[in-house]
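Novice: Attaching a single structure in structure tokens format; questions to follow.
The values are calculated or read from the model by the stated rules, or taken from the named source; none is laboratory data. From a predicted model like this one, the values you see are computed outputs, not experimental measurements. When we count neighbours, we look across all protein chains shown, and the Cβ atoms used for this are built from the backbone with ideal geometry, even at glycine.
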Amino acid sequence: MENKDIYDDINSIKNIMERSTRFISLSGLSGVMAGIYALIGAGIAYSLIPTHLELNVFDRSADQPVAGVYHGPSNLVDSLVAVALLVLLLSISTGIWLTSRKAKQRNQTVWNPSSRALLKNGLLPLLTGGCFLIILLVKHHYGIIAPGCLIFYGLALAAASQYTFGDVRWLGISEIILGLIALLFPGYGLLFWALGFGVLHILYGTIMYFKYDRGNNAA
């Protein structure tokens with residue numbers, strides 16, 4: 001009996017320390033939903049791209065070959081950016097709602113020192129990546145945008161993972177690897193984008209749900 005009490009005390013201390021240093025209210029379902037939104041967005045984007053449209057690797061202003069430069073209809077680019085932003089907005093809003101609900105079920109607060117540290121560490125790669133992608137957009141280097149999204153998103157996840165579940169780090173590494181592979185296959189950015197933000201998110205969210213959420217909800 002004494003051994004059981006000691007074991008319970010150790011677990012309690014471990015849980016308290018974990019809650020104070022790691023943000024453990026992330027919802028696995030939010031990852032699944034983000035993946036579903038990404039796949040739907042990729043499907044919409046694919047339907048918007050004319051089948052005859054090809055990648056043009058020439059910068060017409062200089063009439064010299066420039067790898068990754070794409071010249072398509074400007075309204076198509078605007079539509080694709082709008083779809084991507086809509087997916088981002090839905091993913092963030094859903095993630096905040098599900099994470100807040102999970103935190104409430106555990107009698108925890110979403111905005112605490114660990115969540116602030118998580119955002120602080122992940123913010124620099126995200127802001128850097130955002131500026132980098134805007135520059136690519138302005139310079140019409142559209143073929144590099146999808147790999148850039150994956151790489152900088154993966155860097156942000158890896159940087160923030162020390163303040164939440166360790167599984168997030170592996171998701172980040174997977175996103176980085178997928179982004180680097182996407183650089184080797186120009187013209188298939190949408191496919192890799194769907195794999196990274198769609199399939200990987202669904203797999204990650206499912207694992208997180210069964211590993212951390214389901215048991216706690218059942219308890």
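Novice: Looking at (1) among the hydroxyl-bearing types (Ser, Thr, Tyr); (2) surrounded by fewer than 17 Cβ atoms within 10 Å (Cβ to Cβ); (3) touching a Gly at 6+ places or on another chain (Cβ under 6 Å), which is the only condition Tyr204 fails?
Specialist: Failed condition: (2).
Conditions (1) in a loop (DSSP other than H, G, I, E, B); (2) buried (at least 16 other Cβ atoms within 10 Å of the Cβ); (3) modelled with pLDDT of 85 or more, marked per residue:
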| residue | (1), (2), (3) |
| --- | --- |
| Gly43 | no, no, yes |
| Thr51 | yes, no, no |
| Ala67 | yes, no, no |
| Ser79 | no, no, yes |
| Leu86 | no, no, yes |
| Leu90 | no, yes, yes |
| Trp111 | yes, no, no |
| Leu137 | no, no, yes |
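Novice: While we're here: Applying the selection to the range 139-187, what residues are in a helix (DSSP H, G or I), in contact (Cβ under 8 Å) with a residue 40 or more places away in the chain and more than 15 Å from the chain's Cα centre (by Cα)?
Specialist: Matches in the range 139-187: Tyr142, Gly143, Ile144, Gln162, Tyr163.
Novice: Conditions: (1) assigned to a helix (DSSP H, G or I); (2) at pLDDT below 85; (3) surrounded by 12 or more Cβ atoms within 10 Å (Cβ to Cβ); (4) more than 17 Å from the chain's Cα centre (by Cα). Lys14 meets all but one. Number of the miss?
Specialist: (3)
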